1. Compare the peptides 69-75, 145-151 by average per-residue count of other Cβ atoms within 10 angstrom and give them in order, highest first.
2. Where Lys and Arg each count +1 and Asp and Glu each count -1, what net charge lies around residue 140 among other residues with Cβ under 15 Å from its Cβ?
3. Please calculate how many Å² of accessible area segment 222-361 carries per residue, with a 1.4 Å probe and no DNA, RNA or ligand atoms counted.
4. Determine the sum of side-chain charges near residue 312: Lys and Arg each +1, Asp and Glu each -1, restricted to other residues whose C-beta is under 15 angstrom from that of residue 312.
5. Could you check the spin-label model distance between residue 223 and residue 125? Points 7 Å from the Cα along Cα→Cβ, value in nm.
6. Taking θ = phi - 60°, what integer Hz values does the Karplus form 6.51 cos²θ - 1.76 cosθ + 1.60 yield along segment 304-319, in sequence order, with x for Gly and Pro?
7. Would you please report the Å³ per residue occupied by the convex hull of the alpha carbon atoms in segment 247-339?
8. Output the peptides 232-239, 61-68, 325-332 sorted from most to least packed, where packing is the average of other Cβ atoms within 10 Å over each peptide's residues.
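The values are calculated or read from the model by the stated rules, or taken from the named source; none is laboratory data. Keep in mind the model is a prediction, meaning the values are calculated, not measured. Using ideal geometry, Cβ is built from the backbone for each residue, glycine included, and neighbour counts are taken over all protein chains shown. Remember, those area values only see protein heavy atoms, side chains included, never the ligands or the DNA or RNA. Shrake-Rupley method; radii C 1.70, N 1.55, O 1.52, S 1.80 Å.
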Amino acid sequence: QQQQQQQQQYMLPQNQQWQPEPAFAHPYVSPGMLGQTPPPLPAAPSRHVAEKRATAFAVLPTENGPVLAPPNAVDNMLRADWALFLELAMYSLHGRVSGRVAFGIEEVSEAIQQAAVAVLFIPASCGHGGENAVRGVATCGGRGYIVGTAHELYDDVEDWGAAAILHNELVTEPLKDAELEKEPDAKRPRVGEELPEGDQLAAGGEDLGDGMPPAPPPPKASDAELRAALKGLGRRESLESKTSIPEFCAEMRERYLLALPPTVVFKSFGNIFCRAKGVAHRKALLYVVHELFMAKRGVAMKGEGRRVSCLEHFLLRIGPLVTRFRSDERQAYVRALSAWTAARLLLPKEILQVKDAWDMD
């Protein structure tokens, strides 16, 4: 009798159908959708479209030589290997590991010559040279990828120029002290031998041949003058003048960068920036560096050691201050870094270092 009573409690009355209660209905199914025919599924993309979206090729080593990997396996292989490269690159930039990655045309070419490449990534823009490099890596037991312009990873690979995961560290042979101190051999006249007419004129300093005047002496400048000029950018008349920054940039290109070592120049920039009390003064210093990078195709920063000194002694040094700026003041630094990234004025690892120092994504 108890079982019959329990069954009657859960039995529906006659001529009554079960309906789901609103409180227990599926959150993504409305009551009006019950009993309706579901909409048709979207058609799968054609094989031609799918191959166009994922244009990449992988070359693998075999006993019989390099072969192409199956097209349906390339995408997953490429994504996994690229994720590994980015992880190793991040560890390398932060000093956790060394000698595990190479990037840039010159460094990757050196790694290929030393047979140190385990995985190679080449953008399709490298042409036949990239194809030969991938084939050479596969011949030595590694694997390589050629990433086409239609693939979603193409822009990332292109930004690095070329990239590689290494199975051993590159070997660099430093010059010996004797080689560093050795000067090129100069042509010296024998005893009793006269100098040619052109050499006599050049030695005398009066004429260099064909009526050409002697080369002008290099400009002279001191670090004290540079510091005074950098401080002058924070004065009211300089901040209100629209020509103060372009004029100072011209003086930087024609005088200070030619007369002073890059370390002295950009250490002065960093010192004055850290001591500046005005927002406008700090932005003026940033705009000068920005102008040196961007104007005249960046020729001012292509001198030996200038870009590296600017990165180390100015851009990275001011990082702790930039991280504490208010959001409105940080916008100028965000725009400048975005412009440098788009113009590829810094190496990818240098961009990551500045972003990390400035606390920017």
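1. Values: 69-75: 14.3, 145-151: 19.9.
With the highest mean Cβ count within 10 Å placed first, the list reads 145-151, 69-75.
2. Numbers: positive: 135, 143; negative: 63, 110.
Cβ neighbours under 15 Å give a net charge of 0.
3. Details: 7390 Å² over 140 residues.
With the other protein chains kept in place, segment 222-361 gives 53 Å² per residue.
4. Working: positive: 267, 306, 307, 317, 349; negative: 304, 350, 356.
Cβ neighbours under 15 Å give a net charge of +2.
5. Roughly 3.9 nm, to one decimal.
6. So the Karplus estimates, Gly and Pro as x, are 4, x, 6, 5, 5, 5, 4, 5, 6, 9, 10, 4, 6, 5, 7, x Hz.
7. Numbers: hull volume 8.6 nm³, N = 93.
Roughly 92 Å³ of hull volume per residue.
8. On the way: 232-239: 14.8, 61-68: 10.5, 325-332: 12.1.
Packing proxy ranking, top to bottom: 232-239, 325-332, 61-68.
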